[in-house]
Amino acid sequence: MRNKRMRNGILTFCLLAALPLSAQRMTDTETHSKYILAVDEYRPAPGQYVNDVPTYEAGDTEQDMIRKCTEMLANNERSLVALGGWGGYITFHFDHSIANIPGQRDFAVWGNAYQEMQNLVFGGMNEAGVVMVSKDENNNGLPDDKWYEISGSCDVDSAGKVIYGYEVTYRRNPMGDIPWTDNKGGSGTIDRNHYHTQEYYPEWLPDELTFKGTRLPDNMLNLSDKVDNGWSPYYYVLVGFRYGYADNLPNYTDNADATSYNYEGCGIDISWAVDEQRQPVNLDFVDFVRVYTGLNQKCPQPEWWGETSTEIQGAEDIHLDESISLIRSALAGINEVKADKGTLRGACYDLQGRKVQPVRKGIYIQNGRKYFVK
């Protein structure tokens, strides 16, 4: 019996050593920010704001444009970056891994969506972007590991209308409408208008840009017969989706107030991540976030607006202190091996990052230490 207990004790210690929280990223600084640290990738699809938000200058490379995006979004600068038509994307990271706190929104992506002032529909100018997350499994600091899509409300509310495995290819047409074709036999153009006179195809990227992903259902409504706005015979709106997308709902719960952040509407729960088969995945942390335009539609009246294009204004770790605490706990390693339940008073975390009160045998983290409750 004594040998059996000894073997179990050795096994317990080995299991503890083999089960660190796998956080990949935290800068070596005393304090950390809840906002974007840097942009890693910027590959917009053609659009009326492309080459303008941010501004392309002759000779700019892809790295130059990525740097400009960082200057516009990092440290809560809150300038807009346009992603162009369907599929155009941006990738960014924070100065730390973002923890998945079960049952909570984990991070928010801010855009320029707003509620239609007549309150005729839910939303009004909502250019939904699909959100993806990735974990730096190979620990090289690059967004080159497996990506997972956040499953938003369209997967439930618009079942059968979402197109998975969608692809679009855009081709150059200097200073003209930009043609596109998709893998479903469709085709169309990103149309020029007199409001934006620059080139619409991203100047620093090669011809024949192809993007792959999920196409969300069209959300444009023509309410021209219901509203007299005094300046146009037309009135179009873009209806919002309930949750799970960027630039989909207003950043604030009250647009007039602009003080109470809409974490419920703009927040993303890492637990919504799914794999290529649309099956849920279990991620304790994520290190990179990607947003791409999820709608492929344009307004039939060019004086109203053109193509639907996701814009982002920044992003935020909603629970910075908890993310940092869990990372430090992981880095601290095993400082205590055994404890009684009465030893741990106050909030603890389990190995999935959930805040718990230890009431049963298991491994818990508190104040940067791991405890094995026997």
State all residues of the range 277-325 that are open to solvent by 30 Å² or more (accessible area, probe 1.4 Å) and under 21 Å from Y89 (Cα atoms); if no residue qualifies, say none.
R278, R290, K298, W305, Q313
So which residues in the range 162-181 are in a strand (DSSP E or B) and either among the hydroxyl-bearing types (S, T, Y) or open to solvent by 30 Å² or more (accessible area, probe 1.4 Å) (or both), if there are any at all?
I163, Y164, G165, Y166, E167, T169, Y170, P179, W180, T181
Checked the range 184-212 for anything open to solvent by less than 80 Å² (accessible area, probe 1.4 Å) and aromatic (F, W, Y); matches are Y200, Y201, W204, F211
Yes or no: I66 among the hydrophobic types (A, V, I, L, M, F, W, C), at pLDDT below 95 and part of a helix (DSSP H, G or I)?
no
In this structure, is Q104 under 28 Å from T189 (Cα atoms) and either open to solvent by 40 Å² or more (accessible area, probe 1.4 Å) or in contact (Cβ under 8 Å) with a residue 40 or more places away in the chain (or both)?
no
Would you mind stating whether R215 is out of contact with any helix residue (DSSP H, G or I) (no Cβ under 6 Å at 6 or more places or on another chain), farther than 25 Å from Y148 by Cα, open to solvent by 20 Å² or more (accessible area, probe 1.4 Å) and basic (K, R)?
no
Against the condition modelled with pLDDT of 90 or more and part of a strand (DSSP E or B), how does G213 come out, does it pass?
yes
Evaluate the following for G59: is it modelled with pLDDT under 95 and surrounded by fewer than 16 Cβ atoms within 10 Å (Cβ to Cβ)?
no
Conditions first: (1) in a strand (DSSP E or B); (2) within 30 Å of K226 (Cα to Cα). A159 passes all but one, so which condition is the exception?
(1)
Restricting to the range 12-52, what's the tally of residues that are modelled with pLDDT of 95 or more, aliphatic (A, V, I, L, M) and open to solvent by less than 40 Å² (accessible area, probe 1.4 Å)?
5
Consider only pairs whose beta carbons are under 8 Å apart and that are at least six residues apart or on different chains; among these, list those whose first residue lies in the range 297-320 and is touching a residue at least 60 places away in the same chain (Cβ under 8 Å) and at positive phi and whose second residue is surrounded by 18 or more Cβ atoms within 10 Å (Cβ to Cβ) and of a type in the set (S, T, Y).
G314/Y35
Can you tell me which residue within the range 80-111, out of those that are among the small types (G, A, S) and in a strand (DSSP E or B), is farthest from R67 (Cα to Cα)?
A99
Restricting attention to the range 112-134, the residues that are part of a loop (DSSP other than H, G, I, E, B), surrounded by fewer than 24 Cβ atoms within 10 Å (Cβ to Cβ) and among the polar types (S, T, N, Q) number exactly 3
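The values are calculated or read from the model by the stated rules, or taken from the named source; none is laboratory data. Since the structure is predicted, the reported quantities are computational estimates derived from the model, not experimental observations. As a convention, Cβ positions derive from the backbone with ideal geometry for all residues, glycine included, and neighbour counts pool all protein chains shown. Surface areas here come from the heavy atoms of the whole protein model, side chains and all, with no ligands, DNA or RNA. Shrake-Rupley method; radii C 1.70, N 1.55, O 1.52, S 1.80 Å.
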